[in-house]
Amino acid sequence: MIKINGDIVTINKFPDGTPRINIDVNSIEEYDYDGSPCIWLDWIYESNDEMFYLMLIKKHLERFKTNVNYYLNLPYIPRMDRVKNNDEVFTLKYFCEFINWLNFSGVYVLDAHSDVSTALLNNCFEENPKEYIEQAFAKIGERNLVLYFPDAGAAKRYSDLFPELQYCYGEKKRDWKTGKILGLDIRTNGIDLADKAVLMIDDIIAYGGSLYYSAEELKKNGVKEIYAYATHTENSILDKEKGTLIKSLENNTVNRLFTTNSLFKGNHEKITVMEVAVL
């Protein structure tokens, strides 16, 4: 989904699949930002085709709207941030080069999975997910909530956002040949987890393996209620065959998953989806 100043751009197609896009540039208002006229584009990821649409839309705007700064709100960035072999296409690198070629005055991303992506993007500003996690707090309604992070890296990344709250984290056990998670240990930081309510926090989940194993261990530690939050959730979370966290949701080990619509487009009675803010 692509928006111009908050309004969705409709993408139609000719019978051969060629995109047909109509944009009335005279109806588009230029906003003042940092003392200069600007236009905001939002790209809420739905498909790779949208890269092409984004180019067409920006080039059309530039044809008629000159001397204007263009800003891109790009909540989700593809996460293939490294390659090991020469036959692997470095997707993220070329994706960022494409965005840079479009020459935005600023690119705003939300809770990027890797520092590599923000380093590769020109004029990049990373937004933290604090407001969305706070929305989860409000919906849970639990004052003595304990935060849980699936690894030490996530604990370091997010714990400073809520210094007033206690937290613990996991240490994953992996099969280093396959990358498969075999289980994990919980570092409690001295917290007695018995009868506590816990919110597990991560940046992105696909099938939810890390949070699934985390929830199993938290239950063994006597946790009473478990909730989960991920800024970006892939639609694969709903896969009943490969999915793991979906099992925890449906057997009530995990009460609810909170996420944003930056990536997730599905629907489930135990998944709460929050709208990403339009800048």
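The values are calculated or read from the model by the stated rules, or taken from the named source; none is laboratory data. Everything quoted here is computed from the prediction, not taken from an experiment. Cβ atoms come from the backbone with ideal geometry, glycine included; neighbour counts cover every protein chain shown. To get the accessible areas, we keep the full protein, side chains included, count just its heavy atoms, and leave off ligands, DNA and RNA. Shrake-Rupley method; radii C 1.70, N 1.55, O 1.52, S 1.80 Å.
For the reader, a short list of remarks on this structure follows.
- Between the beta carbons of Glu241 and Glu269, assuming R0 = 22 Å, the FRET efficiency works out to 0.65 to the nearest 0.05.
- Angle in degrees between helix 130-140 and the longest Cα principal axis of the chain, rounded to the nearest 10: 50 degrees
- Ranked by solvent-accessible area (1.4 Å probe, protein heavy atoms only, all chains present), the residues Ser214, Ser27 order from largest to smallest as Ser27, Ser214.
- In the context of the full protein assembly, His113 retains an accessible surface of approximately 80 Å², using a probe radius of 1.4 Å and ignoring ligands and nucleic acids.
- Region 110-240: translational diffusion in µm²/s, Stokes-Einstein, Kirkwood Rh over Cα pairs, 4 °C, 1.567 mPa s: 83 µm²/s
- Net charge contributed by nearby residues that have their C-beta within less than 11 Å of Lys265 (K/R +1, D/E -1): -2
- Helix axis angle, 49-64 relative to the chain longest principal axis, alpha carbon, degrees: 40 degrees
- Loop trypsin sites (Lys or Arg not before Pro), region 1-47, which have at most 14 other Cβ atoms in a 10 Å radius of their Cβ (DSSP): none
- Solvent accessible area, Å² - Arg79, 1.4 Å probe, full protein context: 90 Å²
- For region 104-160, the average shadow cast by the Cα convex hull is 5.0 nm², which is a quarter of the hull's surface.
- Among the listed pairs Lys3/Lys93; Lys196/Lys219; Lys196/Lys220, those with a Cα-Cα distance over 19 Å are Lys3/Lys93.
- Reducing region 143-162 and region 233-268 to their Cα centroids gives an inter-centroid distance of 20 Å.
- The helix-only estimate of mean residue ellipticity at 222 nm for the chain, built from DSSP H runs of length n ≥ 4 each weighted as -39500 (n - 2.57), is -7000 deg cm²/dmol after division by the residue total.
- Heavy-atom accessible area, probed at 1.4 angstrom with all protein chains present, ranks Val116, Val107 as Val116, Val107, highest first.
- Per-pair calculated FRET efficiency, R0 = 22 Å: Ile28 and Asn69 via Cβ, rounded to 0.05: 0.95
- Estimated translational D of the chain in µm²/s (Stokes, Kirkwood radius over Cα pairs; 4 °C; 1.567 mPa s): 63 µm²/s
- Cβ-placed point charges (K, R +1; D, E -1), dipole of the chain about Cα centre in debye, nearest 20: 780 debye
- Segment His60-Asp87, extension gain: residue separation times 0.36 nm, minus the distance between their alpha carbons: 6.1 nm
- Distance-filtered residues of region 209-232 - backbone nitrogen under 13 Å, label point 7 angstrom along Asn255 Cα→Cβ: 223-229
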